[in-house]
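Since the structure comes first, as structure tokens, the remarks are kept for the end.
Please treat every number below as a calculation from the coordinates, not as lab data. None of the values given here were measured: they were computed from a predicted structure. With ideal geometry, Cβ positions are generated from the backbone for all residues, glycine too; neighbour counts draw on all protein chains shown.
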Amino acid sequence: MPYIGFHNKEVSFKIVYYGPGMSGKTTNLVHIHKNLRPDRKGEMVMLDTDEERTLFFDFFPLELGQVEGFSVRFNMYTVPGQSYYEASRKLVLDSADGVVFVADSRAERLQENLDAYKQLLEQLESLGMDPHSFPVVLQYNKRDCGNLIPVGTLESKFNLNGIPVFESVAQTGKGVMETVRKVTQMVVTKFEI
Amino acid sequence: MATVGHLNGRAIIAPDSPSYGRILEDLIKNSQALTALLITKQGTVLAKAGETDYLNATAVAALVAGMFTATREVARLVGENQFSILLQQGELRHIHISLVAGDAMMVVIFEDNNRIGLIRHCAKKAAERLGEVALPAAPEFDTISLPKFKEYALNLIDRLFEPQPE
């Protein structure tokens, strides 16, 4: 849920990039961070293993600017993708305002995508959030690979009517900014005091 | 703690941070610690005191919140509700982290390890004072006009994330 500091004049939201291992969550964040003006971002913190897998989370604060006298910030997080980090994923997801689900489009990763999305729905519910009204954007990443999962696969499997969907190649940045723009728009639109 | 309340379950309001700042400044003065931060469990800085220029407080807040939440899960696994104090000992600098009335965390960074007893005592006193800070009678909820706020924020988002040419 958003944080409002009336004395320090700050509103901050939490965006979480969720998905199976190696689907490109960190690559999304790195691309966004690289392409923002220096005054729009804080330092990026990456907690990863020797094999460059995210161990707990990656994080950076994204400064939107001044709105109605308040500094507006999006705190951008990723979760660790490997299935044995389930507990860590739930901790990071706690109090999120919006989620980007980064799916790995390669056909051989279909089951991991399905398992991860199912877990996202379960974790949102266990954190007291309604998965059907919660802002989620679906990103099919790695669209430059061969043998792709067709867009629509996860939507039909989980009845995700109307969910915003983007195709991306996070390594080159294709689709990355469009995805973050959509999720931040959804979070702001849903903001209530 | 009267500080980090949920309003209709939709937002976290930090209504009285000037009081927190004064309490943290007293803590720094009495304990001779280097820095004190008060952060929410979600990882947002509520107040800070002492030397802060050397520190990326935003990143520290996110990391400490994650660490504290993870430690709470570890506590649960060993049959405790939570560990209320975490102490990180370095070569030159040390960090004392304590839970404040279940709602926030207080981070005290100090250099002289011989003062750990004093730090713990002062942190405990500060936590008690923080817990007693009262909610203002009429929080300034009207200061945000939501329709305007959303319109301007959405405009900024459009400008910030312009699609890149392929």
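Give the dimensionless ratio obtained when the Cα radius of gyration of segment A:1-79 is divided by 2.2 N^0.38 Å.
Details: Rg = 13.8 Å, N = 79, 2.2 N^0.38 = 11.6 Å.
Cα Rg divided by the expected 2.2 N^0.38 Å: 1.19.
For peptide A:54-60, compute the average count of partner chain beta-carbon atoms within 10 Å of each residue's beta-carbon. Write out the running numbers ahead of the final one.
On the way: counts 0, 0, 4, 3, 0, 6, 3.
Per residue, the number of nearby Cβ atoms from other chains is 2 on average.
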Open item on the list: Just to be sure I follow: if Rg is taken over the C-alpha atoms of segment B:18-166 and Rh is the Kirkwood radius over the same atoms, what is Rg/Rh?
Closed with: 1.08
- [ ] For segment A:123-193, evaluate the Debye formula with one uniform point scatterer on each Cα (no solvent term) and list log10 I(q)/I(0) at q = 0.13, 0.25 Å⁻¹, rounded to two decimals.
- [x] -0.46, -1.19
- [ ] Over the alpha-carbon set of segment B:29-70, divide Rg by the Kirkwood Rh and report the Rg/Rh ratio to two decimals.
- [x] 1.00
Task: Ranked B:Cys122, A:Cys145, criterion: other C-beta atoms within 10 Å, fewest first - done: A:Cys145, B:Cys122
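Give, in nm to one decimal, the length gained when the segment between A:Glu192 and A:Glu108 is fully stretched (0.36 nm per residue of separation minus the Cα-Cα distance).
Details: separation 84, 0.36 × 84 = 30.24 nm, distance 4.10 nm.
So the chain would gain 26.1 nm between A:Glu192 and A:Glu108.
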- [ ] Find the centroid of the Cα atoms in segment A:129-185 and in segment B:77-102, then give the distance between the two in whole Å.
- [x] 39
Task: Descending semi-axes in whole angstrom, ellipsoid equivalent of segment A:47-193, from the Cα gyration tensor - done: 24, 18, 17
- [ ] Quick one: compute the contact order of segment A:48-192, relative version, from alpha carbon pairs under 8 angstrom and 6+ residues apart, as a percent.
- [x] 19
Open item on the list: Taking just the alpha carbons, could you work out the radius of gyration and Dmax for segment A:70-137, both in angstroms?
Closed with: 12.8, 46
Task: For segment B:39-118, alpha-carbon Rg relative to the globular expectation (2.2 N^0.38 Å, N residues) - done: 1.11
TODO: Provide the FRET efficiency to the nearest 0.05 for the B:Leu86-B:Thr52 pair, computing r from the beta carbons and using R0 = 30 Å.
DONE: 0.90
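Computed over the Cα atoms, what is the radius of gyration of the protein assembly as shown divided by 2.2 N^0.38 Å, N being its residue count?
Working: Rg = 20.9 Å, N = 359, 2.2 N^0.38 = 20.6 Å.
Against the compact-globule rule of thumb, the ratio is 1.01.
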- [ ] Mind ranking A:101-107, A:35-41, B:19-25 by how tightly packed they are, going by the mean number of other C-beta atoms within 10 angstrom, highest first?
- [x] A:101-107, B:19-25, A:35-41
